[in-house]
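For reference, the structure discussed in these notes is given below.
The values are calculated or read from the model by the stated rules, or taken from the named source; none is laboratory data. Note that the structure is predicted; figures quoted are calculated from it, not measured. Note that we place each Cβ from the backbone using ideal geometry, even for glycine, and neighbour counts take in every protein chain shown.
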Amino acid sequence: MRFTRTKAAVAAAGLALSLAACGGDDGGGEDVEVAQDAEFEAGTTMAEIAERGTMTIGTKFDQPGFGLLGLDDVPEGFDVEVAKIIAGAMGVAEEDIEWKETPSEVREQVIEDGDVDLVAATYTINEERAQRISFAGPYYVAGQQLMVAADNDTISGPEDLADNPDMKVCSVTGSTPSENIREYLANNNQLVLFDVYDKCADALGNGQVDVVTTDNVILLGFVSESDGEFKLVGEQFTEEPYGIGIEKGDTAFCEFINETLADNEDAYIEAWERTAGEVEGTETPELPEPAECA
């Protein structure tokens, strides 16, 4: 399986994409059954991908449980496994996937530029992004929350941020959480932005910032890896539906992705349970009803 870093029309009914174990509980190491001799209407994205037998998929490399670069330099997590299910339905084996690191601020750009076939990267569906690209899904719904140091008893929710203007809040450039949190701040100087979330976690650990905010399932991953140094506070205060980002207006590809996931709910659940579902505090989701493709 290859990867690169950057800074920057119907599936066969009942296609069995069960996940066969070939490794341990490491958030990856599982095989997706690959469709043999998959056929699609000529001219569709699915036909093009099936013919070439390879894909380039954008994901994150810094988010435990969803998209994290493993010790073998291959990304692993729920987003990665969902993308493998979609790829397998087009006859693309995981060793024929090129993984491209896709931080929040470049997700629309890499789709528009044709650098990737799709993006699966904790990608919240919203109207602003949908002006540039199309979304399949949602395939998961998260909610924004706050993470602080374990000994921080001052911040118990976003409402406390304005009352503590000297406290710094960290999020990621181009992310929905970085915009959502602004209404709770005393001033914009409270907000610190990096390109990836692990830099926020590092800054919290060394005291450069006081709060990290993003979706709760991502934060739970950082908490679980912090050896008790971090904790979540308050309740989630937004809903963040995660979608698969594709080229604007590719309705046939959108419908194919939605139908593939609906036909493979068992694989979806198994993917969750060996990735994000291993993080304490998470709950096994039900596959959400997809939005209309447009």
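Could you list, in sequence order, the residues of region 117-156 that are touching a Ser or Thr at 6+ places or on another chain (Cβ under 8 Å) and aromatic (Phe, Trp, Tyr)? Those that are touching a Ser or Thr at 6+ places or on another chain (Cβ under 8 Å) and aromatic (Phe, Trp, Tyr): none in region 117-156. Among the residues of region 196-226, the one identified as part of a loop (DSSP other than H, G, I, E, B), surrounded by 18 or more Cβ atoms within 10 Å (Cβ to Cβ) and either touching a Gly at 6+ places or on another chain (Cβ under 6 Å) or of a type in the set (Asp, Glu) (or both) is ASP210.
In the condition set (1) at pLDDT below 95; (2) surrounded by fewer than 17 Cβ atoms within 10 Å (Cβ to Cβ), PRO165 is compliant with all but (1). Here PRO177 passes the criteria (1) farther than 22 Å from SER226 by Cα; (2) part of a helix (DSSP H, G or I) except the one numbered (1). Quick one: is SER171 small (Gly, Ala, Ser) and either surrounded by fewer than 19 Cβ atoms within 10 Å (Cβ to Cβ) or assigned to a helix (DSSP H, G or I) (or both)? In short, no.
Results for (1) β-branched (Val, Ile, Thr); (2) out of contact with any strand residue (DSSP E or B) (no Cβ under 7 Å at 6 or more places or on another chain); (3) closer than 30 Å to GLU39 by Cα; (4) not in a helix (DSSP H, G or I), shown as yes or no for each residue.
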site	(1), (2), (3), (4)
VAL82	yes, no, yes, no
LYS100	no, no, yes, yes
ARG132	no, yes, yes, yes
VAL148	yes, no, no, yes
ASP166	no, yes, no, yes
ASN189	no, yes, no, no
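Cβ separations smaller than 7 Å between residues 6+ apart or across chains give the following pairs from region 197-218 residues that are under 17 Å from VAL279 (Cβ atoms) to residues that are of a type in the set (Gly, Ala, Ser) and part of a helix (DSSP H, G or I): VAL212/ALA201; VAL217/ALA276. Every listed requirement among (1) buried (at least 17 other Cβ atoms within 10 Å of the Cβ); (2) touching a Ser or Thr at 6+ places or on another chain (Cβ under 7 Å); (3) not basic (Lys, Arg) is met by PHE256 save one, (2).
Within region 38-62, which residues are among the small types (Gly, Ala, Ser) and under 30 Å from ASP195 (Cβ atoms)? Hit for region 38-62 is GLY58, nothing else. Of all the criteria given as (1) under 19 Å from ALA121 (Cα atoms); (2) at pLDDT below 95, the one not satisfied by GLY67 is (2).
Applying the condition of being in a loop (DSSP other than H, G, I, E, B) and within 16 Å of the chain's Cα centre (by Cα) to region 39-71 and asking which residue is surrounded by the fewest Cβ atoms within 10 Å (Cβ to Cβ) yields GLY70.
Residue count for region 227-250 under the criterion of being surrounded by 16 or more Cβ atoms within 10 Å (Cβ to Cβ) and either out of contact with any strand residue (DSSP E or B) (no Cβ under 9 Å at 6 or more places or on another chain) or of a type in the set (Val, Ile, Thr) (or both): the result is 4.
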